[in-house]
1. Along the charge dipole of the stretch 136-187, Cβ charges K/R +1 and D/E -1, which of MET152, LEU171, VAL140 sits furthest on the positive end?
2. Suppose only helical runs count, i.e. DSSP H with n ≥ 4. What mean residue ellipticity at 222 nm does that imply for the chain under -39500 (n - 2.57) per run, divided by all residues and rounded to the nearest 500 deg cm²/dmol?
3. What ³J(HN,Hα) values, in whole Hz, does the Karplus curve 6.51 cos²θ - 1.76 cosθ + 1.60 give for the stretch 229-246 when θ = phi - 60°, with x put for Gly and Pro?
4. For GLU215, tell me the accessible area in Å² from a 1.4 Å probe, rounded to the nearest 10.
5. Give the distance, in whole Å, between the Cα centre of the stretch 166-201 and the Cα centre of the stretch 94-157.
6. Quick one: accessible surface of ARG126, probe radius 1.4 Å, all protein chains present, in square angstrom to the nearest 10.
7. Amide H of HIS6 versus every other amide H placed in the peptide plane: which residues, excluding those fewer than 5 positions away on the same chain, fall under 5 Å?
8. Have a look at ASN249, ILE218, TYR262 and report the one farthest towards the positive end of the charge dipole of the stretch 207-271, computed about the Cα centre with Cβ charges (Lys/Arg +1, Asp/Glu -1).
Amino acid sequence: MIIDFHTHTFPDKVAVKAIPKLEKSAAIKAFTDGTVSGLVDSMNKNGIDFSVVVPVVTNPVKAEEINEYAAETNQTHKNVISFGGIHPDTENHKAVLKKAQGLGLKGIKLHPEFQYTDFDDIRYKRILYFAEELGLVTLVHAGFDGSFPDSMHCGIKNILNVIEEIGPKRLVLAHMGGCFLWKDVKKYIAGADVYFDTAFSFGKKQIVSGLLSEEEIIVLARTHGTEKILFGTDSPWGEQREMSEFIKNSALTDGEKENILYKNALKLLSD
């Protein structure tokens, strides 16, 4: 079994405009058309059993609409598990998160760059506190984002502040703990009681320098603990077959591969 814990989709009409815009801003090429059907087609072709979709709320008043769409997606596609989302400026965050839980959503996505807010801002802390109380997973973009070359709202210090103050048990730091911050992630965050996902941290198909080698990702995964690593591709920005084969063909043990490819995700989603 393979569970891709970090993917992105858009409603069909939105995807037509969003994908070209993001390709241009981040200087990368998408591997799907950004729709749910495009993701499902990729899953079927590349042996992915389940994909977790993590929507980004860029407009504070759109959170509930996006969460309702996520619930509809889950009802329509049996192998897609869409999280919801929330913005730090969304009013009545407790009511919005409680409704998301009531819709059957397993978690939420935060993106400090697209939401222009430091991860250790009090507004995010309030969201994290209540998400933990509700048993929701929180997946946050950590580290650098190619669309925002001059800012970083979720760096090492922001993450450490959140871990120290809140002690979250269901927090996933995307991109192996912090995109392009991996030396400091290994030094300061590895071993903390949080999860990392592998999205956009390795691979050769994208023309991006500085990604982790097989040896580097194995060392970081083992330093953190392979029982806290989740396989993720960042689809459509990562190609699902290449990413899964990278893990399957690596020097990780069979048990470590199973943990990363699906067992850790099953545990986190079912707890």
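The values are calculated or read from the model by the stated rules, or taken from the named source; none is laboratory data. All figures in this text were calculated on a predicted structure; none of them were measured in a lab. Reconstructed Cβ throughout: ideal geometry from the backbone, glycine too, with neighbour counts over all protein chains shown. For accessibility, only protein heavy atoms count, side chains too; no ligands or nucleic acids. Shrake-Rupley method; radii C 1.70, N 1.55, O 1.52, S 1.80 Å.
1. LEU171
2. After summing the helix terms and dividing by the residues of the chain, the value is -11500 deg cm²/dmol.
3. Karplus values, whole Hz, x for Gly and Pro: 10, 10, 5, x, 10, 6, 3, x, 8, x, 8, 4, 5, 4, 5, 5, 5, 4.
4. 140 Å²
5. Taking the Cα centre of the stretch 94-157 as reference, the centre of the stretch 166-201 is 14 Å away.
6. About 130 Å², ignoring ligands and nucleic acids.
7. VAL52, THR233, ASP234
8. The Cα lying farthest towards the positive end belongs to TYR262.
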